[in-house]
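Asks: Right, I'll just put the structure down here and ask away after.
The values are calculated or read from the model by the stated rules, or taken from the named source; none is laboratory data. Owing to the predicted nature of the structure, the values given are computational and were not obtained by experimental measurement. Methodologically, a virtual Cβ is constructed for each residue, glycine included, from the backbone with ideal geometry; neighbour enumeration extends over all protein chains shown. We work out accessible area using only protein heavy atoms, side chains counted, and drop any ligands, DNA or RNA first. Shrake-Rupley method; radii C 1.70, N 1.55, O 1.52, S 1.80 Å.
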Amino acid sequence: MAASPDQFRGHARLPHFAAPLRYDLRLRPDLAACTFTGAAAIAVVVSAPTRFLVLNAAELDVDRASIRFQDLAPTDVAQFDEDEIMVISFDRELPFGEGVLTMDFTGTLNDQMRGFYRSKYVYNGESRNMAVTQFEAADARRCFPCWDDPAFKAKFKLTLEVPSDLVALSNMPVAKETVSGLTKTIYYEESPLMSTYLVAIVVGIFDYIESSTSEGTKVRVYTQVGKTNQGKFALDVAVKSLDLYKDYFATPYPLPKLDMIAIPDFSAGAMENYGLVTYRDTALLYDELLSSASNKQQVAITVAHELAHQWFGNLVTMEWWTHLWLNEGFASWVSYLAVESLFPEWNNWTQFLDETTSGLRLDALAESHPIEVEVNHASEIDAIFDSISYDKGASVIRMLQSYLGAECFQEESGEPVKDLMTTWTKQQGYPVIYAKINGHDLELEQFLSDGSSGPGMWIVPVTACCGSYDAQKKFLLKDKMDKINIKEFSDSQSADGEKNQIIWIKLNIDQTGFYRVKYDDELAAGLVNAIKAKKLSLMDKIGIVEDSYALSVACKQTLTSLLRLLNAYNDESDYTVLSHVTSVCLSISKITVDATPDLNKDIKQLLINLLLPAVIKLGWDPKDGESHLDVMLRSLLLTALVRLGHNETINEGVRRFHIFFEDGKTSLLPPDTRKAAYLAVMRTVSTSSRSGFDALLKIYREASEPQEKSRVLGSLSSSPDQDIVLEALNFMFTDEVRNQDSFYILGGISLEGREIAWTWLKENWDHVLKTWKSSSLISDFIESIVPRFTSEEKAVEVTEFFAGQVKPSFERALKQSLERVRISARWIESIRSEPKLGQTVQELLQADA
């Protein structure tokens with residue numbers, strides 16, 4: 001029986017009997033009709049006997065009559081939509097060696113923010129379309145037929161036909177340009193070898209500013225007309241990052257130019273296309289007057305991340321998406337290295353613990369996945385662009401680097417690196433190390449992250465110090481249990497000389513390891529004293545509160561003891577530490593609404609008392625010469641106090657908002673404190689008193705600056721009034737809100753609004769699926785609404801609703817969200833069974849009084 005095209009269906013990857021060497025692509029986008037036409041001539045090497053060519057194509061209309069391989073016309077062309085492949089059959093075996101495959105095709109400039117798509121912008125007061133590409137992970141096939149797999153690297157030679165008044169950019173510089181009437185044809189230089197997911201095209205009306213690296217590479221930031229001043233900060237970071245990376249990687253920047261461009265509709269944060277990096281506006285643009293300090297930091301870290309990819313990812317590329325974590329984890333880790341060097345006053349490595357925390361929080365779930373994850377179908381790839389690939393990936397790299405030492409990390413080391421890393425990349429979860437004192441020994445035992453003692457075993461780089469940071473112990477815990485003599489790493493004075501003084505022992509110094517530590521009561525008490533006595537580093541103060549919180553959620557430690565620990569942070573004034581403390585406070589405040597409604601008011605008061613001293617010190621108004629981190633701290637704490645229901649803060653926020661609403665130029669509400677004021681206003685809004693809501697909508701409609709728009713959107717759904725929450729959610733469906741920005745409204749939903757939000761999601765689910773196609777955007781809807789619930793009954797109800805209609809694009813998000821609901825339900829049971837909780841809350845409140 002002759003082989004049929006059907007044999008190629010249902011495979012994760014394309015067959016290897018033919019591979020592309022070079023693509024010659026000609027594309028002509030029509031921005032008015034939102035279509036494009038294209039012609040491809042692909043140099044292909046045939047290396048094994050075959051009479052088929054198999055490549056990817058999706059949502060393209062290929063003109064079958066135009067297809068030729070050398071002078072052969074195909075006998076059959078089959079397109080399998082579910083596999084996104086095209087199988088071209090010939091009546092004889094293809095000659096070995098190089099041949100050229102040619103074809104013509106047409107497609108749509110879609111509105112899904114993937115493939116070759118359209119984005120709306122306003123120019124001279126009228127709405128226009130720009131054409132943009134977003135190909136990672138598997139969407140180049142929506143623009144041209146190709147071997148859309150990172151391993152099939154090839155050279156690309158692009159030609160674009162566009163209206164002559166537009167700017168058209170691609171990965172490489174322009175080689176030549178010809179104009180014929182209203183159309184110009186632009187020929188770009190041929191690229192070096194690269195994967196399809198990094199090809200990029202942008203066509204529209206733009207301005208740019210430019211600079212050069214020390215090597216003379218030209219760097220440009222393109223923005224909408226009139227906004228180039230907002231690109232200056234990113235341009236400066238880019239030039240300095242390229243110079244820094246050239247030395248770090250000991251390799252010059254690989255391309256002749258680098259362009260960075262802000263795109264108004266963009267599903268991710270940014271995309272590292274080779275030589276033409278695309279960003280959502282908020283990740284690239286920074287305005288001294290309109291942006292906040294946290295916006296500035298976000299721009300710096302995003303630019304540094306994308307530019308690290310120009311070497312790590314673009315020049316050197318993973319063979320398949322299983323190794324995405326190396327690509328993203330390394331770019332995340334190295335972006336902190338760059339920003340630390342450019343802005344040492346931001347204390348960036350301490351802020352890196354935000355990444356580690358989000359990695360640990362996701363990895364504590366049974367529905368997590370190993371860093372290296374099998375990918376069996378293109379539709380599964382998007383779902384692994386998550387906190388495991390990025391944050392756990394980066395954290396494991398930091399753990400290895402700090403264990404081996406920086407110099408050693410860049411070279412080869414004698415340590416058993418492969419064995420060590422395999423335990424962290426091939427299995428999901430992380431160990432929890434139980435530490436207890438037994439005489440002069442510190443006994444350690446490792447458990448799985450959910451506390452059960454399963455088959456999971458890690459080679460754990462353990463670091464420890466005792467009484468001071470001067471003497472540190474470092475070793476690999478390779479077995480389930482081990483012990484070390486405290487004398488090996490303690491200050492000799494404190495260990496024996498002063499029996500009455502509780503020594504402190506801290507494991508996982510500066511939280512460089514991707515694991516948690518549970519201390520016995522004696523060790524835990526010693527650490528509380530060390531916090532109060534200001535003996536610990538910022539990173540260790542963060543680690544202790546995060547580990548303790550995680551153990552409480554996992555029902556391995558009481559909420560009572562967590563509240564006592566938090567109390568030790570009552571005169572903390574550092575932003576990096578307080579950002580973790582406030583996040584834990586807000587989580588406790590939410591869970592106790594359901595767990596202990598009668599205690600919730602007192603617990604909120606306790607948490608307010610904890611944060612208030614730092615707020616009183618900072619006030620609402622910026623001070624001359626204050627640090628970047630203090631500016632961020634003010635915003636963080638005021639927002640937290642509003643969320644905790646602190647009346648004075650809410651009233652002051654509302655007062656300042658009214659002045660600002662009448663006079664946008666007032667100095668009473670700079671960008672950094674606006675979020676707190678907007679949330680304060682929304683806490684006072686109801687159906688019968690909605691002027692604050694309408695005022696915020698007016699600010700949104702009049703703002704041209706995307707960061708201001710996102711601040712407003714993030715507050716609209718936070719009203720305690722269900723009808724207002726519903727109105728905010730429906731606002732998302734209007735054409736006033738870009739689809740990329742839906743997550744701001746979803747992320748702000750008040751606790752009081754969760755039921756109406758869930759009802760709304762069920763009623764509109766079909767519309768959501770049709771409108772938001774990318775995995776990350778659909779997942780936002782589930783992850784923003786489902787985990788707000790805390791009962792087994794609700795988990796069952798959600799499961800029943802989605803039964804039979806789960807798709808790969810959101811399956812992982814749904815399973816993880818349901819698991820979070822069940823974890824909350826178990827935590828509530830555990831909190832309700834704590835005998836001393838009420839009494840402890842009263843004691844701590846009286847101590848504050």
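Asks: Determine whether Leu729 is open to solvent by less than 40 Å² (accessible area, probe 1.4 Å), over 29 Å from Lys623 (Cα atoms) and either outside any helix (DSSP H, G or I) or among the aliphatic types (A, V, I, L, M) (or both).
Replies: yes
Asks: Right, here's the next one. Identify, please: which residue in segment 594-649 is of a type in the set (S, T, N, Q) and in contact (Cβ under 8 Å) with a residue 40 or more places away in the chain and is, among those, nearest to Ser750 (Cα to Cα)?
Replies: Thr639
Asks: Of all the residues that make up segment 532-545, how many are open to solvent by 10 Å² or more (accessible area, probe 1.4 Å), in contact with a helix residue (DSSP H, G or I) (Cβ under 7 Å, 6 or more places away or on another chain), free of Cβ contacts under 8 Å to residues at least 60 places away in the same chain and part of a helix (DSSP H, G or I)?
Replies: 2
Asks: Please state which one of Ala175, Ala234 is surrounded by fewer than 22 Cβ atoms within 10 Å (Cβ to Cβ), outside any loop (DSSP other than H, G, I, E, B), aliphatic (A, V, I, L, M) and not assigned by the TED database to the domain that holds Glu705.
Replies: Ala175
Asks: Does segment 406-429 include one or more residues that are within 26 Å of Ser776 (Cα to Cα), open to solvent by 10 Å² or more (accessible area, probe 1.4 Å), assigned to a helix (DSSP H, G or I) and among the small types (Gly, Ala, Ser)?
Replies: No, segment 406-429 has no match at all.
Each row is one residue, and each column tells you yes or no for (1) within 31 Å of the chain's Cα centre (by Cα); (2) charged (D, E, K, R); (3) over 18 Å from Ala39 (Cα atoms); (4) outside the structural domain of Leu25 (by the TED database).
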residue: Ser66; (1), (2), (3), (4): no, no, no, no
residue: Phe80; (1), (2), (3), (4): no, no, yes, no
residue: Asp91; (1), (2), (3), (4): no, yes, yes, no
residue: Gly107; (1), (2), (3), (4): yes, no, no, no
residue: Ser119; (1), (2), (3), (4): yes, no, yes, no
residue: Val122; (1), (2), (3), (4): yes, no, yes, no
residue: Gln134; (1), (2), (3), (4): yes, no, yes, no
residue: Ala140; (1), (2), (3), (4): yes, no, no, no
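Asks: Just give me the residues in segment 762-800 being among the acidic types (Asp, Glu) and either in contact (Cβ under 8 Å) with a residue 60 or more places away in the chain or crowded, with 16+ Cβ neighbours inside 10 Å (or both), in sequence order.
Replies: Asp780, Glu783
Asks: Quick one: which of Phe144, Phe116 is closer than 30 Å to Arg701 by Cα and at pLDDT 95 or above?
Replies: Exactly one of Phe144, Phe116 is closer than 30 Å to Arg701 by Cα and at pLDDT 95 or above, namely Phe116.
Asks: Considering only residues of segment 213-226 that are under 18 Å from Leu169 (Cα atoms) and not aromatic (Phe, Trp, Tyr), which is most open to solvent (accessible area, probe 1.4 Å)?
Replies: Lys218
Asks: Among all residue pairs at least 6 apart or on different chains, which show Cβ distances below 6 Å where the first residue, located in segment 28-39, is of a type in the set (S, T, N, Q) and the second is surrounded by fewer than 16 Cβ atoms within 10 Å (Cβ to Cβ) and not in a loop (DSSP other than H, G, I, E, B)?
Replies: Going by the 6 Å Cβ cut-off, the qualifying pairs are Thr37/Thr106.
Asks: What helices (runs of 4 or more DSSP H), lying completely within segment 546-650, carry at least 2 residues that are over 29 Å from Asp521 (Cα atoms), open to solvent by less than 10 Å² (accessible area, probe 1.4 Å) and of a type in the set (Phe, Trp, Tyr)?
Replies: In segment 546-650, there are no helices (runs of 4 or more DSSP H) which contain 2 or more residues that are over 29 Å from Asp521 (Cα atoms), open to solvent by less than 10 Å² (accessible area, probe 1.4 Å) and of a type in the set (Phe, Trp, Tyr).
Asks: Consider only pairs whose beta carbons are under 6 Å apart and that are at least six residues apart or on different chains; among these, list those whose first residue lies in segment 511-525 and is closer than 17 Å to Trp424 by Cα and whose second residue is open to solvent by 40 Å² or more (accessible area, probe 1.4 Å).
Replies: Listed by first residue and then by second, the contacts come to Thr512/Ser402.
Asks: How many of the residues in segment 209-231 are assigned to a strand (DSSP E or B), of a type in the set (A, V, I, L, M, F, W, C) and more than 27 Å from the chain's Cα centre (by Cα)?
Replies: Qualifying residue count, segment 209-231: 1.
Asks: Right, something else. Looking at Gly653, Gly645, Gly625, which is the one that is more than 20 Å from Tyr569 (Cβ to Cβ), at pLDDT below 95, in the same structural domain as Leu679 (by the TED database) and not hydrophobic (A, V, I, L, M, F, W, C)?
Replies: Only one candidate qualifies: Gly625.
Asks: So which residues in segment 801-819 are open to solvent by 60 Å² or more (accessible area, probe 1.4 Å), in a helix (DSSP H, G or I) and in contact with a helix residue (DSSP H, G or I) (Cβ under 7 Å, 6 or more places away or on another chain)?
Replies: Pro808, Arg812
Asks: Where in segment 1-104 are the strands (runs of 3 or more DSSP E), entirely inside, with at least 3 residues that are surrounded by fewer than 15 Cβ atoms within 10 Å (Cβ to Cβ) and either at pLDDT 95 or above or not basic (Lys, Arg) (or both)?
Replies: 60-69
Asks: Another one. Scan segment 752-800 residue by residue and report those that are among the polar types (S, T, N, Q) and part of a loop (DSSP other than H, G, I, E, B).
Replies: Ser774, Thr790, Ser791 - these are the residues of segment 752-800 that are among the polar types (S, T, N, Q) and part of a loop (DSSP other than H, G, I, E, B).
Asks: Report, by residue number, each residue of segment 456-472 that is within 20 Å of Lys518 (Cβ to Cβ) and modelled with pLDDT of 90 or more.
Replies: Listed by number, the residues that qualify are Trp458, Ile459, Val460, Pro461, Val462, Thr463, Ala464, Cys465, Cys466.
Asks: Given (1) under 28 Å from the mean Cα position of the chain (by Cα); (2) buried (at least 18 other Cβ atoms within 10 Å of the Cβ); (3) not in a helix (DSSP H, G or I), identify the lone condition not met by Ser715.
Replies: Here Ser715 meets the rest and fails (3).
Asks: While we're looking at this one, here's another question. What are the residues in segment 667-695 that are open to solvent by 70 Å² or more (accessible area, probe 1.4 Å) and touching a Lys or Arg at 6+ places or on another chain (Cβ under 6 Å), if any?
Replies: Lys675
Asks: Which residues, taken from segment 820-839, are open to solvent by 80 Å² or more (accessible area, probe 1.4 Å), farther than 21 Å from Ala364 by Cβ and of a type outside the set (Lys, Arg)?
Replies: Answer for segment 820-839, where residues must be open to solvent by 80 Å² or more (accessible area, probe 1.4 Å), farther than 21 Å from Ala364 by Cβ and of a type outside the set (Lys, Arg): Ser833, Pro835, Gln839.
Asks: Evaluate segment 153-171: report whether one residue or more is in a loop (DSSP other than H, G, I, E, B), touching a Pro at 6+ places or on another chain (Cβ under 7 Å), open to solvent by less than 40 Å² (accessible area, probe 1.4 Å) and touching a residue at least 60 places away in the same chain (Cβ under 8 Å).
Replies: no
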